[in-house]
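Here's the structure we're looking at; comments come further down.
The values are calculated or read from the model by the stated rules, or taken from the named source; none is laboratory data. Because the structure is a prediction, the values reported are computed rather than measured. Cβ atoms come from the backbone with ideal geometry, glycine included; neighbour counts cover every protein chain shown. Note: areas computed on protein heavy atoms with side chains; ligands, DNA, RNA excluded. Shrake-Rupley method; radii C 1.70, N 1.55, O 1.52, S 1.80 Å.
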Amino acid sequence: MRVMACIEDMRRAARRRVPRMFFEYADHGSYAQETLRVNRSDLERIKLRQRVLVDVVGRDLSTTILGESAALPMMLAPIGLCGMQWGDGEILACRAAQAAGIPFCLSTMSICAIEDVAAAVGKPFWFQLYVMKDRGFVRALVERAIAAKCSALVLTVDLQVLGQRHCDLRNGMTVPPEPRLKNLIDIATKPAWALSVLRGKRKTFGNLAGYVRGMEDVNSLAQWISGQFDPSLSWRDVEWIRDLWPGKLVLKGVLDVEDARRAAKSGAAALVVSNHGGRQLDGAVSSIAALPRIVDAVGAEIEIMFDGGIRSGQDVMRALALGARSCMIGRAFLYGLGAGGEAGVARAIEILKNELDVTMALTGTRRIADIGPHVLAQA
Ligand SMILES: Cc1cc2nc3c(=O)[nH]c(=O)nc-3n(C[C@H](O)[C@H](O)[C@H](O)COP(=O)(O)O)c2cc1C
């Protein structure tokens, strides 16, 4: 893993190792991918302020996230189908996060089930919830997260209908892959991937299989899922979840100040400024453009987390400078997983950590709490 110098190296390695259908599922955004692109270009536009002759010995990258200490101001974002990048991908990513001292968030749409991950790792992890039409299933899912001692529930609020990813449509993305000739040829050229996925505990959505009555076979399970995202999702459901879940609640996918004000009054401990990594509303503003206004409006009332486009420690610095308390890492760890399994995720986290550390040094910063707008060139 040492030859992987940056996240882009990991992306290239993942593209070589993972079948096209699953690599593009991870890499692409919705529709014309405008929001996917501005997530990156708006971050790159923010310039850091170089400072010199400041003693920066003894830098400390630790912080607190939801009141718990964390080695870095980062956590691994909930990502569907990690187990299709590398067999048992959710377990491997969770182990790498916990070894690095940061939270891991398991997606509702994971391949490994909540119980699989709980049995395989040493510490509690977070669980991300999609509210589906079948509220009985949602209630059961929350109860399973409680039984697995998950330490936070992340309620995703920006996906009550699914944004289209053209690549998924064109590639005929299914889980597991349909045995079409095109897919078989692709998989035949990716034997390491095939072996790891074959050896994995599961080949389909672990949190759903066996829990959805009459939907045992994979195709109908996939149909059930696509018909299950609920356009009626509203703030009343947030109250309902608040009552069901006794622990810390995080609302993920807030991009608008008015929504952020409502979120701050909802009883949630934190909100994530996010546009789902440019995979939902195409044409939406970048997450980094939305962040300062939301911090101004509600930063004193609710913990503000950030995601969207983070590919380096410099990007983490930019988000913290604009008021985020921590960053969710999405594709940056997913490329690591596709490239090298657990070691790949560990290396991706290490890359981000080292970049953040050097960036702190070169901006004259010693502690995470000292990062503010003054580290930006325009301040
Ligand atoms: C392949 C993929 C799958 C995702 N699946 C989920 C999911 O199941 N639940 C969720 O809340 N967000 C999901 N997201 C969004 C991420 O949690 C996060 O918001 C996003 O990846 C951040 O953008 P970045 O990848 O540019 O860092 C997914 C993102 C990707 C790339």
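For the reader, a short list of remarks on this structure follows.
- With respect to the stated conditions, Gly227 is farther than 21 Å from Ala26 by Cα and more than 16 Å from the ligand (Cβ to nearest atom).
- When each of Asp315, Asp282 is tested for being open to solvent by less than 10 Å² (accessible area, probe 1.4 Å), touching a residue at least 60 places away in the same chain (Cβ under 8 Å) and charged (D, E, K, R), the lone residue that passes is Asp315.
- Leading residue by the ranking (farthest from the ligand (Cβ to nearest atom)) among those in region 287-312 that are surrounded by fewer than 24 Cβ atoms within 10 Å (Cβ to Cβ) and in contact (Cβ under 8 Å) with a residue 60 or more places away in the chain: Glu303
- Residues of region 122-175 classified as away from the ligand (no atom under 16 Å from the Cβ) and part of a loop (DSSP other than H, G, I, E, B), total: 9
- Residue in region 63-76 that is within 16 Å of the ligand (Cβ to nearest atom), polar (S, T, N, Q) and under 26 Å from Gly253 (Cβ atoms) present: no
- In this structure, Ala209 qualifies as of a type in the set (Gly, Ala, Ser), buried (at least 17 other Cβ atoms within 10 Å of the Cβ), closer than 20 Å to Val131 by Cα and over 21 Å from the mean Cα position of the chain (by Cα).
- Within region 325-348, the set of residues being open to solvent by less than 10 Å² (accessible area, probe 1.4 Å) and within 13 Å of Leu72 (Cβ to Cβ) comprises Ser326, Cys327, Met328, Ile329, Ala332, Phe333, Ala348.
- Region 1-112 holds strands (runs of 3 or more DSSP E) entirely within its bounds, and those carrying 3 or more residues that are aliphatic (A, V, I, L, M) and buried (at least 24 other Cβ atoms within 10 Å of the Cβ) map to 74-76.
- Within region 84-121, the set of residues being more than 13 Å from the chain's Cα centre (by Cα), polar (S, T, N, Q) and either modelled with pLDDT under 95 or within 13 Å of the ligand (Cβ to nearest atom) (or both) comprises just one member, Gln85.
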